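Trainee: Supplied in structure tokens, the structure appears directly below.
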Amino acid sequence: MITLSGLNTQQRQAAEVINGPVLILAGAGSGKTRTITYRIAHMVYNLGIPSKEILGVSFTNKAAKEMRERVLTLLGRGKMRGITLTTFHSLGVRILKEDIDKLGYHKNFSIYDMTDQFGIIRGELKRYNAEKSFDVKEIQSRISYLKNQGVGCEDYQNSKFFDEDDPYCIAVEHIYREYEDKLKFFNAIDFDDILFLVVQLFRDNPDVADKWSEKFKYIMIDEYQDTNHLQFELVMGLTRKHNNLCVVGDDDQSIYAFRGADITNILNFEKNFPGAKIVKLEENYRSTSPILKLANEVITKNKNRRDKTLWSRKESDKQPLLWLTADTDHEAEIIVEQIVKYQGLGRHLADFAVLYRSNTQAQPIEEQLRLSQVPYTVIGGQKFYEKKEVKDLISYMMVLLNPKDQMAIRRILNVPSRGIGRVTLEKYLTSSEEKKVSLFESMRLDPGLVPKSEKHIKNFTELIQRHKENFDVRPLNEAISLLIDDIEFFKYIEKQYDSVKQVDRRKKDVMTFIESAERFVQFQKTHATLKNFVEKLLLQDSQDNKDEDEDDDIRKNEVTLMTLHSSKGLEFDTVFLIGMEEETIPHKNVIKLGEDISEERRLCYVGITRAQENLYMTFCKERKIYGKNLVRHKTRFLEDLSDANLFTLQDRTEFGHLDNEEEIEEYKKSKFQEMMNLLDD
């Protein structure tokens, strides 16, 4: 038996309700992962529910991995075998791998990333001499948004999103159709297609939806407040044959509307799933009571929310502090001064986070940290698998898996250089369109189309065919190493870069890539196929804060800098929440457009609830924005509190070098005494 005695009353209630729709309203730091983990263990161990009938879905690979590890600890490998704990997009790929042929695709489809998408769109704009008239990123962004709203290219013109007076809408209407045709011709889909096509598959083939609904009889969705229209449709399809849906979320932490997240999915849960049971997790295990009192007061000003109040057994006499600073540079100075002071007391730098609404706020903090020689990391840098050399190798593998993948072929055709020029490529592209065959097939069937390039074309097609066989018979990491040696990839890197340091770094990236393949082989064993490895790399979720394989140890002695959006789900002993000003949070664009500021308030709430013991907030009298010093005012989120004693305001403009009220009072007394002595003289 798995005992639930270690859960609090509300957590236990949530873990024990198994049948029918359940909404677990899990406030920040309320132990939701522990609750879900024990719920799964209870289902398998105590109730005897078959593991293969359980599906748990999260948003990020990191969250799914943590869930698997915790369930494994409770159940052991034997009883856990068969449980599916995955992300939305990984689940979507699994469904498409079985049934995408019903939509007219082959099952060995490629998944295109942003660079590939830009390439297709740029090509279409070029065809119509419109490359300078329209921004490629804007068109891709609009197509992505439409797919996440469930709007296909054939429906766009008649949708609410089409405006005939907007030149971009006219361009998107045309490019969207051409873009989709190209993808299908290349037997490729983009990241947004994963869920878009699954929903289409379920809609057009109810028997397929029934099959998956019967397979997964018990479904759990994490971070339900972040689901969008397509994810909601997918959940509806998966629950067609039963009503056993448990969703976990917190409407107060819904901060991803810009990604298409629809807060009404969680607010209307009972309406969409009648008879739903609601369980609130309000005991917070992360933050002290003073921090939570401030957070509660801030968020209760939002009208359209579910009523809940976080509380904690962690009492403290440390109130949140609001520092008034002179300007942007002064703000950075006193923050780093405080960190250095704590560091001198033996505190780990990993205990500190600086959070901000916009990336533009980070530069002064970075400069001051460098000046003070304090190690730091900025969350949100380039991901490992997006680096050039790594992407080159992934493109080789995508061609080995799907020779129809034209974008991948074009990327690697001259990596390393093979003397295949643009004119030769254009001739093969024209030939492939005329003969209605793929680019690779055109090259393979007619290597002498351009006589002077015949040898190079032959070498390329034979290379692909040779290594396709290698990957079929050799271990993944060994096959990758053979490919790297065959194309003399390290020599290519040496010729590409002048700096020895850059060459070494790029080579190290390649070696790290091989090592990741080795780990994949060790972990997956018989499932360590090229196809599964490439899918793992391409499905690294955009919401993951860092690469899954990154060694956590390298950040153990670094201050963390990140946006409020990136901070959700994380916690730090000490948080510096900077720029608590009007037009910073809430953001000036939201104010200017007269939009609802509810999500901005939720962002503020998320920032506050990242702090465990110490919360420092700052606002400047003047802030440098794009080179201009502008007068700032305290954010309304602190101005409109009904209890002004929830935080302590410290004017650091005069006492910037002092840390607390006692030191300031002593300083004032000494200054007063100095003045009296002068008067006596």
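The values are calculated or read from the model by the stated rules, or taken from the named source; none is laboratory data. Fair warning: this is a prediction, and the values are worked out from it, not measured in the lab. Positions of Cβ are backbone-derived with ideal geometry, glycine not excepted, and every protein chain shown enters the neighbour counts. Quick note on the areas: whole protein, heavy atoms, side chains included, nothing else; ligands and nucleic acids left out. Shrake-Rupley method; radii C 1.70, N 1.55, O 1.52, S 1.80 Å.
Trainee: State the percent of C-alpha pairs, over all pairs in region 195-300, separated by a distance greater than 24 angstrom.
Mentor: The share of Cα pairs beyond 24 Å in region 195-300 comes to 35 percent.
Trainee: Please give the net charge around LYS271, taking every other residue with its beta carbon less than 15 angstrom from that of LYS271, where Lys and Arg add +1 and Asp and Glu add -1.
Mentor: -1
Trainee: Could you tally the net charge around GLU131, taking each other residue with its Cβ under 11 Å from the Cβ of GLU131, Lys/Arg +1 and Asp/Glu -1?
Mentor: Combined, the nearby Lys, Arg, Asp and Glu give +2.
Trainee: Cross-link list LYS388/LYS501; LYS160/LYS277; LYS211/LYS468; LYS318/LYS588: which exceed 27 angstrom alpha carbon to alpha carbon?
Mentor: Exceeds cut-off: LYS160/LYS277; LYS211/LYS468; LYS318/LYS588.
Trainee: Starting from the Cα of LYS314, draw a straight line to each of the lysines and keep only those under 16 Å, dropping any in the same chain fewer than 8 residues away.
Mentor: LYS293
Trainee: Then there's this: Give me the extension gain from ASP101 to THR526: residue separation times 0.36 nm, minus the current Cα-Cα distance, reported in nm with one decimal.
Mentor: 150.5 nm is the gain from fully extending ASP101 to THR526.
Trainee: I've got another one for you. Determine the principal axes of the Cα atoms in region 159-241, then give the extent along each, sorted from largest to smallest and rounded to whole angstroms.
Mentor: 47, 32, 19
Trainee: Return the calculated 222 nm mean residue ellipticity for the chain, to the nearest 500 deg cm²/dmol, obtained by summing -39500 (n - 2.57) across DSSP H runs with n ≥ 4 and dividing by the residue count.
Mentor: Result for the chain: -15000 deg cm²/dmol, rounded to the nearest 500.
Trainee: Which links in LYS301/LYS634; LYS387/LYS507; LYS387/LYS495; LYS65/LYS241 stretch past 20 Å when you go from one Cα to the other?
Mentor: Pairs exceeding the cut-off: LYS65/LYS241.
Trainee: Out of the total accessible area of region 263-383 (probe 1.4 Å, heavy atoms of protein only), what percent is carbon and sulfur?
Mentor: 47
Trainee: In terms of modelled amide H atoms, which long-range or inter-chain residues lie less than 5 Å from the amide H of ILE2?
Mentor: Those qualifying (amide H under 5 Å, at least 5 residues apart or on another chain) are ASN46.
Trainee: Let me ask you something else. Given the Cα atoms of region 262-328, and with Rh set as the inverse mean 1/r over their pairs in the Kirkwood sense, what is Rg to Rh to two decimals?
Mentor: 1.12
Trainee: Let me ask another. Compute the signed sum of charges (Lys and Arg +1, Asp and Glu -1) over the other residues within less than 14 Å, Cβ to Cβ, of HIS587.
Mentor: After counting each charged neighbour, the total is +1.
Trainee: Amide H neighbours of LEU649 under 5 Å, counting only residues 5+ apart in sequence or on other chains, H built in-plane at 1.01 Å?
Mentor: For LEU649, the qualifying residues are LEU322.
Trainee: Where does the chain land on Rg(C-alpha)/(2.2 N^0.38 Å)?
Mentor: 1.07
Trainee: Can you spot the aspartates and glutamates whose alpha carbon is less than 17 Å from LYS280's alpha carbon? Ignore those fewer than 8 places along the same chain.
Mentor: Within reach: GLU16, ASP222, GLU223, ASP250, ASP251, ASP252, GLU270, ASP307.
Trainee: If you don't mind, another one. Obtain the nm distance between the two label points defined at ASP486 and ASN589 by a simple spin-label model: each point lies 7 Å from its Cα along the Cα-to-C-beta direction.
Mentor: 4.6
Trainee: Now for a separate question. Past 32 Å, Cα to Cα: identify those pairs from LYS102/LYS531; LYS182/LYS391; LYS308/LYS628; LYS436/LYS531, in the order given.
Mentor: Violating the 32 Å Cα-Cα cut-off are LYS308/LYS628.
Trainee: Residues in region 76-97, backbone N under 13 Å from the label point at LYS52 (7 Å along the Cα-to-beta-carbon vector): list them, ranges by number please.
Mentor: Of the residues in region 76-97, 81-84 have backbone N under 13 Å from the label point off LYS52.
Trainee: State, to one decimal in nm, how far the label point of LYS436 lies from the label point of LYS184, with both points 7 Å from Cα in the Cβ direction.
Mentor: Each label point lies 7 Å from its Cα, and together they span 1.3 nm.
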